[in-house]
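Data block below; observations after.
Any read-out appearing in this document is the output of simple, stated calculations on the displayed coordinates, not a laboratory observation. Keep in mind that this is a model prediction, so the values were computed, not measured. Cβ sites come from the backbone with ideal geometry, for glycine too, and all protein chains shown count toward neighbours.
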Amino acid sequence: MLLDQSITELSSGLQKKKFTSVDIVTECFANIETFNPTINACITVVDKTEVLKAAKKCDETRTPQSGPLFGIPFVMKDSYVTKGVKTTAASKLLESFIPPYSATVYQKLLDAGAILIAKANMDAWGHGATSENTDFGPVKNPWNTTRSAGGSTGGVAAAISSRMAVFGIGEDTGGSIRNPSAWCNVTGLKVTYGRVSRYGCIAYASSFDTVGPMAKTAEDCAVVLEAIAGVDPYDATSSPTPVGKYSQAVQSSKKLTIGMPKEFFTEGLDHDISVRIKEAAAVFTTLGHTVKEISMPSISYGIPVYYLIAPSETSSNLARYDGIRYGNGRENFTQETDRRILIGTYALSAGYYDAYYKKAQQVRTMFIETYRKAFSECDVLLMPVTPMQPTKLGDIVSDPVQNMLLDIFTVTHNPVGVPSLALPCGLSSDNLPIGMQLTAPMFSEELLFSLAHEFQTNTDFHTKKPKLIE
Amino acid sequence: MATHVGVADVKKIATLANLPLTESQLTSLTHAFDQTIDVVDELQKLDTNSVVPTSQVTGLENVFRDDVVDETRMFPQEVALSNAKRTKNGFFVVPAIFTEE
């Protein structure tokens, strides 16, 4: 299948005329038509005639100077505005919203010649870790359709895993790229805060939200990041830090010190996940890196910090949805979204602000110091992505506490701003994917790409496909 | 598990947040709200005396742009109105906030 190839391989094949963009897109649609009715990864699929026309145009205008994404089909989490293409954030509130403008990340990909094929299902507004808090039906895991694909970017992860597109753009506020990447056996990057413009990204928690690539490999993620990163005059929080040649980072083979925070490897962690990550640590050692146990004490308070700041910011960001200028009324929010808006409003209200919101922002400062200290002892951190394997549909979504605890290993990165890459490291005894995450200091995505690429060159976990699509 | 708020309190917060909730939604949300407060109350165990709060991590301040018009980001009137449920004479129709006496 063409869609098993990496972006670099596809780009090379297209240049050598071994196959065409039309061929790739045709395969995407075949997989969408076969699997999407079961998996429900896509909310809106772009009209096939339009997509084929765009692919044909790429084939006709391709030159040797065309970039690596030229004529490559992708999916976007439905939280990015795409001019003229319905954008819903997976909420009934926006079920017929047609954006009159485009997100910067979308425009950059169009400028690079990439072709949008679908808008992907997700937890509405980013509120969730299982893609069940959606008004469009849950996303099912291609590896076992009785299970969740993870969230909130479940649709993109499931789409890549079932070969509906070559790569995708997700959004990570507390693990929303990393969690579904781990549960669907794909690779996904939470970037440094500010690395990629958030203009046109439907906001969840503005000081946590990040825009990031998801694909089959770390190398693919690097190629995409190089195209989408950079300062944007339309996003005042975007960073003027120069964009590195991320696609070249995979060539580095520097030996690194990798720290594993012991607070994250306790009895609460699923046994198979713990085993696979420790096996991965052994692989890194074999490859010449130094792995050591470190302590990051305050990070066990990640959940209360996240579940105060994120709801506070979302209660403010969702205030704009009044059903007047666009969208339907506020009675269309789900119970989970209502819960977060209520908690946030309460935490910001007079009399409670100091004990809740301000307190959380103070602990946030402590997290920054904890990570700084950790990175003084090692180059990169290795930790789990989720405490459990993909959950059975329906199990978690109605239990607010269990729902929150699913995020335990991913929620400290966003308050601090550090980048973290989730990648496959094996299967469980139930044949479900397991992912691990590598975390680096801010603006050090190159370290993540080089280490992950080396791992993926020496292992084949990321090449495994769900039986459904074999 | 302590009870932190009652249905009446949640109703007040819902009014502040402009969330129209039914009685049954209010009841189940009050329960979920309580459970959430139990989780976030864990932070009270930490000593944050004299810790400066962080609200954003970019290190950037006063990011300005030139005071010029960017026509590429201007909507014609009909585009600005294109997603509204109710419009009249080129205006958005807003629910009434005044009543006739």
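Would you mind stating whether A:THR412 is away from every other protein chain (no Cβ under 11 Å) and under 18 Å from B:ASP41 (Cα atoms)? First the steps, then the outcome.
Working: away from every other protein chain (no Cβ under 11 Å): yes; under 18 Å from B:ASP41 (Cα atoms): yes.
Yes, satisfied.
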Going through (1) touching a Cys at 6+ places or on another chain (Cβ under 8 Å); (2) in a strand (DSSP E or B); (3) surrounded by fewer than 17 Cβ atoms within 10 Å (Cβ to Cβ) one by one, A:GLU279 fails only at (2)
- Message: Looking for something farther than 17 Å from A:VAL223 by Cβ, within 14 Å of chain B (Cβ to nearest Cβ) and crowded, with 21+ Cβ neighbours inside 10 Å - is there at least one such residue anywhere in segment A:73-81?
- Response: yes
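I'm trying to understand the selection: among the residues of segment A:290-299, which are more than 9 Å from chain B (Cβ to nearest Cβ) and in a helix (DSSP H, G or I)? Even if it seems obvious, please write down each step before you answer.
The first filter runs over segment A:290-299 and keeps only residues more than 9 Å from chain B (Cβ to nearest Cβ), leaving A:290-297, A:299.
Within segment A:290-299, A:PRO297, A:ILE299 meet the criteria.
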Of the residues in segment B:21-34 that are crowded, with 17+ Cβ neighbours inside 10 Å and touching a residue at least 12 places away in the same chain (Cβ under 8 Å), the one that is farthest from A:LEU405 (Cα to Cα) is B:LEU26
Expected single match for surrounded by 24 or more Cβ atoms within 10 Å (Cβ to Cβ) and either in contact with a His (Cβ under 9 Å, 6 or more places away or on another chain) or in contact (Cβ under 8 Å) with a residue 24 or more places away in the chain (or both) among A:ASP220, A:ASP232 is A:ASP220
Out of (1) in contact with a strand residue (DSSP E or B) (Cβ under 6 Å, 6 or more places away or on another chain); (2) within 26 Å of A:SER207 (Cβ to Cβ), the one A:PRO424 does not meet is (2)
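Please go through segment A:189-201 and pick out each residue that is among the hydrophobic types (A, V, I, L, M, F, W, C) and touching a Phe, Trp or Tyr at 6+ places or on another chain (Cβ under 7 Å). Don't jump to the end; show me each part of the working.
Filtering segment A:189-201 for residues among the hydrophobic types (A, V, I, L, M, F, W, C) gives A:189, A:191, A:196, A:201.
Matches in segment A:189-201: A:CYS201 only.
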Of the residues in segment A:179-199 that are outside any loop (DSSP other than H, G, I, E, B) and within 11 Å of the chain's Cα centre (by Cα), the one that is surrounded by the most Cβ atoms within 10 Å (Cβ to Cβ) is A:PRO180
